[in-house]
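The structure appears right after this line, and notes come after that.
The values are calculated or read from the model by the stated rules, or taken from the named source; none is laboratory data. Predicted model only: the values in this text are computed from it and were never measured. Counting neighbours? That spans all protein chains shown, and the Cβs are built from the backbone with ideal geometry, glycine included. Each accessible area value is taken on the protein alone, full model and side chains, heavy atoms only, with ligands, DNA and RNA left out. Shrake-Rupley method; radii C 1.70, N 1.55, O 1.52, S 1.80 Å.
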Amino acid sequence: MREGTAALIRREDYVAPAYWIRTVDLTFDLDPAKTLVTSKMKVERNAAVPHGPLRLHGEELNLLRVLIDGESVSFRQEGHELIIESAPDADFSLEIRNTCAPEKNTSLSGLYTSGGGFFTQCEAEGFRRITYFLDRPDVMAVYTVTLRADKAKYPVLLSNGNLLETADLDNGRHLAKWHDPFPKPSYLFALVAADLVSREQRIRTRAGKDHLLQVYVRRGDLEKTEHAMNSLVASIVWDEARFGLPLDLERFMVVGVSDFNMGAMENKGLNIFNTSALLASPATATDADFSRIESIVAHEYFHNWTGNRVTCRDWFQLSLKEGLTVFRDQEFSMDMAATPSARAVCRIQDVRQLRAVQFPEDSGAMAHPVRPDSYVEINNFYTPTVYEKGSEVVRMYQTLVGRKGFEAGIKLYFERHDGQAVTCDDFAAAIADANPGSALSTRLEAFKRWYAQSGTPRVQARGSYDAAAQTFTLTLKQHNPATAGQPGKLPQVIPVTMGLLSREGQVLPLQLQGEAAPVGTERVLVLDEAEQTFVFTGVATEPVPSLLRGFSAPVVLDDGLSDAELLVLLKHDADAFNRWEASQRLALNRILQAVRTGEALVLDTDYLEAMRAVLRDPQLDAAFKELALTLPGEGYVAEQLDVVDPQEIHAAVEAAYQQLAAALADDWAAAYEAHQVKAGYEPSPVQSGQRALANLALSMLVLHATRTGDTVWPGRAYQRFKDATNMTERLGALAALVNAHAELAEPALQRFHALFKHEALVVDKWFALQARASEDGGKTFARVKQLLQHPDFTLKNPNRARSLLASLCMFNPAAFHRSDAAGYVLWAEQVLLLDGINPQLAGRVARAMDRWTVLAEPYRSAAREAIARVAAKPELSNDVREIVERALASDGSAA
Ligand code: TRP
Ligand code: ZN
């Protein structure tokens with residue numbers, strides 16, 4: 001728990017540090033109870049700023065001594081700072097000795113123990129929990145690290161860079177000495193001391209250099225590292241091929257740890273991973289896990305250039321590395337998927353995720369720009385806005401300057417800034433300067449509003465056709481709604497990739513007024529004013545506009561298209577993303593109609609027949625069918641409404657699923673049979689698409705059967721659950737039973753637990769599946785309450801804590817939002833408990849209440865009361881305090 005007051009840190013207050021630390025020589029005498037840290041630094045005054053005291057950060061440390069140039073020096077400690085008033089003007093050496101207590105460190109920030117080993121997590125501000133330092137990303141130093149530890153307990157000793165030396169010591173201890181030649185900020189420091197084994201592979205880069213790749217895990221997990229290693233090799237090859245960025249270290253290490261706050265961390269040459277983002281075998285991991293692992297391995301590897309070689313000047317620039325690196329990992333996943341339709345599936349999944357988590361964030365209490373202006377606790381700003389919206393901003397650069405132009409921009413960025421700590425403005429300037437005269441460079445200042453303005457822009461599009469003149473006039477308007485702390489906004493630069501189709505589905509050539517001839521069949525319109533009109537000429541027939549293809553900007557589009565027009569797009573659009581989008585819009589219109597009028601939802605034949613046609617279409621991939629036939633999530637539906645009653649939304653979506661299940665029953669059965677994978681397991685796009693569709697079909701069939709009292713499909717699902725040879729099919733069958741509340745769910749859940757009780761990551765799935773189960777009269781909530789008491793449940797392990805708490809509070813709105821407020825009571829209680837253990841994680845769970853102000857009564861008042869109860873606790877962490885105070889402040893605000 002942090003002490004002291006929660007100060008607001010502002011972007012505009014940035015000042016360069018008064019001192020630089022050029023080199024650090026660290027020695028660790030590792031002991032779980034008391035680890036001794038000796039740090040010898042070469043320090044230099046920063047002549048560019050006025051002479052002042054040297055102020056070092058330190059938290060939860062026990063200071064033993066401070067020497068300057070070998071002499072003791074007077075200092076004082078104030079809050080979390082060690083202050084030396086009389087630091088020399090000339091270069092000097094600084095030696096600090098302190099201890100810390102890794103086994104008491106449950107926050108998983110700094111140096112901590114997990115599974116009997118030592119691990120570190122220093123981003124964003126964990127290094128100050130290891131030793132006193134200028135713990136800010138613009139202070140970059142060359143590190144040499146000596147680790148000393150018991151050899152039997154900790155045979156593997158790792159740190160960043162290259163191994164210089166190993167030796168045996170007295171008392172059964174040993175040492176390893178590492179040197180990282182690249183200057184780096186303290187947040188990229190890492191060490192590992194544990195009993196691990198490694199999978200190794202050598203790789204030769206284009207320059208002909210050999211590199212050693214290692215994936216370190218606990219002894220029993222080695223066979224689950226093959227996929228991660230393959231992903232790493234593919235990432236290295238891709239970054240060289242696509243961006244000309246090679247691996248710059250002789251050795252690249254990846255380590256798995258089961259207690260970890262996020263997915264993974266890009267420490268230079270020593271990436272540390274949550275085991276959930278690293279380990280996979282067909283028997284224990286789903287297709288979704290395989291693809292998540294591929295993208296996280298890639299993400300961390302890509303940080304080696306975008307984040308490590310060029311880093312952030314300050315934490316407000318976080319999206320400089322995160323938005324760019326998410327963009328790179330998304331591009332990588334698409335290139336790995338290879339075929340156009342598999343690429344579209346990647347894009348659809350990314351957009352679905354953005355809408356499910358970032359759009360709500362952008363209209364709630366925590367709304368913030370991609371480059372925030374202030375924060376209390378930086379850990380609270382590792383958000384979907386900084387990551388996923390940040391990636392969309394990078395994608396828009398590429399859309400505006402083209403793929404080649406973007407690659408030239410990246411090249412210039414590294415030419416200018418390699419080895420530096422820079423800002424989002426520096427990135428923007430590099431891309432623009434490499435593309436003079438482009439659609440980006442001519443409106444760069446306006447484009448940069450994407451960094452400054454929070455909120456999701458609304459774009460309205462209306463077309464009118466003049467048959468006599470053969471013109472189609474498209475009017476685009478943008479509206480940028482007020483968000484928490486930002487009442488007024490300016491127009492943004494919105495690239496709208498588009499095409500026109502005839503009513504019969506043919507592509508039409510595109511010629512804008514003033515052009516001599518048509519230019520292609522797809523183009524990018526740039527909307528940069530509140531309202532703009534685009535006139536297409538030579539349009540022989542009334543067209544259907546296909547707008548925002550590939551989701552070319554992170555906006556909400558109201559295109560005013562009728563069902564008939566959406567059906568044309570669903571059938572014929574050249575853009576697979578917009579075909580999917582049409583399927584979702586058709587479903588959403590019907591669900592919203594029911595919720596808004598309070599009338600029972602009825603799916604009409606037009607819609608059902610269109611869905612049947614999708615299911616039967618031999619040209620479409622299974623993966624695409626699964627995405628088109630999956631209804632919009634309840635959270636996404638809630639986003640469309642000004643007042644949200646989670647129970648009503650759930651009832652409408654449930655009814656839609658039941659009708660889809662009933663009306664297409666025969667087609668679901670046929671699709672199930674037709675998409676059985678007979679070949680050996682591969683996490684490929686084709687196989688995983690087949691399994692996804694078979695799983696959806698099975699869940700529809702079980703759902704329908706449960707309503708009609710038929711026992712055949714539940715029986716088949718149980719059989720499949722028992723006989724499955726991979727986790728995707730096993731979990732799919734189990735979910736079908738659990739979500740339909742079929743009788744066989746109970747024995748299946750018991751059997752699943754018995755089978756996998758020694759596989760922590762699978763036990764997480766077991767908890768999560770139950771907490772996410774489709775709500776049925778309070779059963780799910782009651783079950784979660786029971787599971788909180790299960791011997792396997794603990795708040796100390798983040799994956800396990802999330803498996804119940806995030807699943808219920810963030811992903812199961814109908815089970816969480818109860819008229820008796822029991823969900824909110826549980827939330828408050830668990831957030832407070834978690835805050836005493838792991839504030840970072842507590843802050844995440846606290847965010848379940850971000851959107852409380854839009855709730856209907858009685859939910860709204862009960863939610864406010866629960867938030868106020870948490871806020872009233874005097875000893876909260878900064879993490880939770882910032883979240884609950886912002887939540888309370890959003891009452892009556894724009895959100
Ligand atoms: N930089 C990491 C990534 O995106 C994120 C991360 C890992 C992190 N662990 C963290 C951020 C702990 C804050 C705190 O790849
Ligand atoms: Zn990252």
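A few points about this structure:
- P(r) histogram, all alpha-carbon pairs of the chain included - 20 Å bins from 0, percent: 14, 46, 34, 6, 0
- Label-to-label distance, Glu103 versus Leu64, with points set 7 angstrom from Cα along the beta-carbon direction: 1.8 nm.
- For segment 777-895, the percent of C-alpha pairs falling in each 5 Å distance bin, counted from 0 to the bin holding the largest distance, reads 2, 12, 24, 24, 21, 12, 4, 1, 0.
- For the pair Lys757 and Thr205 in one chain, pulling the backbone fully straight at 0.36 nm per residue adds 194.5 nm over the alpha carbon distance.
- If you take the Cα centroid of segment 362-410 and the Cα centroid of segment 679-731, the two points sit 38 Å apart.
- Anchor Lys40: lysines whose Cα lies under 19 Å away (excluding residues fewer than 8 positions away in-chain): Lys177, Lys184
- Principal-axis tilt of helix 424-433 within the chain, Cα atoms, nearest 10 degrees: 60 degrees
- Multiplying the residue separation of Leu36 and Glu445 by 0.36 nm and removing their Cα-Cα distance gives an extension gain of 142.2 nm.
- Between the listed residues Ala600, Val677, Ala622, the Cα displaced farthest toward the positive end of the dipole of segment 589-694, a dipole computed from Cβ unit charges relative to the Cα centre, is found at Val677.
- Surface per residue (accessible, 1.4 Å probe) for segment 384-477, Å²: 36 Å²
- For the chain, the share of accessible area belonging to carbon and sulfur comes to 50 percent (1.4 Å probe, ligands and nucleic acids excluded).
- Calculated [222 nm] ellipticity per residue, helices only, for the chain: -12500 deg cm²/dmol; basis is -39500 (n - 2.57) per DSSP H run with n ≥ 4, divided by all residues, nearest 500.
- With all protein chains in place and ligands, DNA and RNA left out, the 1.4 Å accessible area ranks Glu361, Glu857, Glu829 as Glu857, Glu829, Glu361, largest first.
- Backbone phi angles across segment 516-521, fed through the Karplus curve with coefficients 6.51, -1.76 and 1.60 (θ = phi - 60°), yield HN-Hα couplings of 6, 8, x, 10, x, 10 Hz in residue order; Gly and Pro are listed as x.
- Take Ser341: with every protein chain present and a 1.4 Å probe, its accessible area is about 50 Å².
- Angle in degrees between helix 685-708 and the longest Cα principal axis of the chain, rounded to the nearest 10: 60 degrees
- Compared with the alpha-carbon gap, the fully stretched path from Glu504 to Val535 is longer by 9.0 nm at 0.36 nm per residue.
- Accessible surface calculations at 1.4 Å, restricted to protein heavy atoms, place segment 821-871 at 29 Å² per residue.
- Label zone (Val233, point 7 Å along Cα-to-C-beta; backbone nitrogen cut-off 19 Å) within segment 254-282: 254-255, 278-282.
- Gyration tensor (alpha-carbon) shape descriptor, segment 627-712, a/c threshold 1.5: oblate
- Projected area averaged over orientations for segment 70-163, convex hull of C-alpha atoms, nm²: 8.2 nm²
- Under 5 Å, built H, 5+ apart or other chain: amide partners of Val310: Gly419
- On Cα atoms only, tilt of 563-572 relative to the major axis of the chain in degrees: 70 degrees
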